[in-house]
Amino acid sequence: MDIADYEIALSEVARVLKPGGTFVVVISHPAFASGPGTFWTPAADSPRREDQEYYFTDNYFRRGAYLGAWGNFDPVLSFHRPLRDYWRAFRTAGFVVDDFEEPSITELGRRELPQSQVQKALRVPFSCIFKLVKLG
């Protein structure tokens with residue numbers, strides 16, 4: 001997803017994959033990774049994570065590059081595209097989407113992670129997984 005010309009990358013995968021071959025793509029969910037976003041807290045001075053009402057993102061349909069920040073890591077050049085752009089690029093490259101998933105937290109994660117992280121993970125899908133099959 002963080003490749004400037006993702007369509008060329010997909011066509012190269014299709015070129016080397018045998019007909020009927022499977023290619024799995026995992027990307028950050030475009031609905032929640034369209035640039036800077038955050039959980040909104042109406043009482044900004046509240047330290048309680050449970051006071052966070054919803055995840056706020058904007059400009060979903062605006063395509064382009066931005067610097068993505070994740071925790072304490074250095075920012076990374078990222079690219080946002082609406083979900084439909086990926087579906088069309090898969091089809092254009094000669095793939096069919098055989099399966100699609102928006103993973104959520106596992107039972108192990110629910111037991112072992114802090115409750116505030118569990119609650120966030122149950123509210124927003126942070127990634128999506130495509131199972132692609134190359135057409136013959």
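Just a few scattered comments:
- Between Phe100, Phe79, Phe95, the distinction of being of a type in the set (Phe, Trp, Tyr), closer than 30 Å to Lys134 by Cα and more than 18 Å from the chain's Cα centre (by Cα) belongs to Phe95 only.
- Qualifying residue in region 19-26 (condition: under 28 Å from Gln119 (Cα atoms), at pLDDT 95 or above and surrounded by 13 or more Cβ atoms within 10 Å (Cβ to Cβ)): yes
- Ser34 being modelled with pLDDT of 75 or more and either farther than 19 Å from Val118 by Cβ or assigned to a loop (DSSP other than H, G, I, E, B) (or both): no
- Residues of region 86-115 that are touching a residue at least 12 places away in the same chain (Cβ under 8 Å), more than 30 Å from Ala4 (Cβ to Cβ) and not hydrophobic (A, V, I, L, M, F, W, C): Ser104, Gly109.
- Val97, sole failed condition from (1) assigned to a strand (DSSP E or B); (2) crowded, with 16+ Cβ neighbours inside 10 Å; (3) at pLDDT 90 or above; (4) out of contact with any His (no Cβ under 9 Å at 6 or more places or on another chain): (2)
- Residue ID - surrounded by the most Cβ atoms within 10 Å (Cβ to Cβ), chosen from residues in region 116-136 that are part of a loop (DSSP other than H, G, I, E, B), touching a residue at least 24 places away in the same chain (Cβ under 8 Å) and aliphatic (A, V, I, L, M): Val124
- When residues of region 1-18 are limited to those that are under 18 Å from the mean Cα position of the chain (by Cα) and farther than 14 Å from Phe90 by Cα, the one surrounded by the most Cβ atoms within 10 Å (Cβ to Cβ): Asp2
- The lone criterion from (1) in contact with a Phe, Trp or Tyr (Cβ under 8 Å, 6 or more places away or on another chain); (2) modelled with pLDDT of 75 or more; (3) surrounded by 14 or more Cβ atoms within 10 Å (Cβ to Cβ) left unmet by Ile105 is number (1).
- Filtered by the rule that a residue be among the aliphatic types (A, V, I, L, M) and within 12 Å of Glu12 (Cα to Cα), region 90-108 gives a lone residue, Ala93.
The values are calculated or read from the model by the stated rules, or taken from the named source; none is laboratory data. Here the structure is a predicted model, which means the values were calculated and not measured. FYI the Cβ positions are ideal-geometry reconstructions off the backbone, even for glycines, and counts take in every protein chain you see.
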